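Q: One structure follows; several queries about it will come next.
The values are calculated or read from the model by the stated rules, or taken from the named source; none is laboratory data. Predicted model only: the values in this text are computed from it and were never measured. For neighbour counting, all protein chains shown are included, and Cβ atoms are generated from backbone atoms with ideal geometry for every residue, glycine included. The accessibility values were calculated without ligands, DNA or RNA, using every heavy atom of the protein model including side chains. Shrake-Rupley method; radii C 1.70, N 1.55, O 1.52, S 1.80 Å.
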Amino acid sequence: MKKSQEKVLVATLCGLIVAAAGAFAVQPAMAAGYQVDTLAKVTSVADWDQLNVRRWPASYSRKVGALDPGVHVWVERCIQVENSTDWCLVKRNTTQGWVNSRFLTAVPY
């Protein structure tokens, strides 16, 4: 095998590995979920702290925003996470992402 063919093969394999890793990273969002469509309040967060909003429903996922304690958010849906608390997709103004459900309390609207 020529050196140039070897480089193409290695690049292709690396691309496949990255694609597979990306598909695995998206997996939590495809977990068993349920529609919520309700208003909720950020609770159980210290007054001096903020609730991190994540790109995907996982604590290791990239932070895309933060919510102050006591603010209201729209909860679109939540997913069930085995051996953990559920994660919910929330939106407030231009901030949208996933938060751990233990920091949300439904409010009547």
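Q: So how exposed is Asp68, as accessible area in Å² (1.4 Å probe, rounded to 10)?
A: Result for Asp68: roughly 80 Å² accessible.
Q: Given a 1.4 Å probe and the protein chains all in place, what does the accessible area of Thr85 round to, in Å² to the nearest 10?
A: 50 Å²
Q: Which whole-Hz couplings ³J(HN,Hα) result when phi for each residue of the range 102-109 is put into the Karplus expression 6.51 cos²θ - 1.76 cosθ + 1.60, θ = phi - 60°, listed in order with x for Gly and Pro?
A: 5, 9, 10, 10, 5, 10, x, 9
Q: Extending each Cα 7 Å along its Cβ direction at Arg102 and Thr38, get the distance between those two points in nm, one decimal.
A: Calculated label separation equals 2.0 nm.
Q: Accessible area per residue for the range 65-109 in Å², computed with a 1.4 Å probe and the full protein assembly in place, what is it?
A: Counting only protein heavy atoms, the per-residue value for the range 65-109 is 57 Å².
Q: Sticking with this one: What trypsin sites (Lys or Arg not before Pro) does the range 34-76 have in DSSP loop regions with at most 15 other beta carbons within 10 Å?
A: Answer by residue number: Arg55, Arg62.
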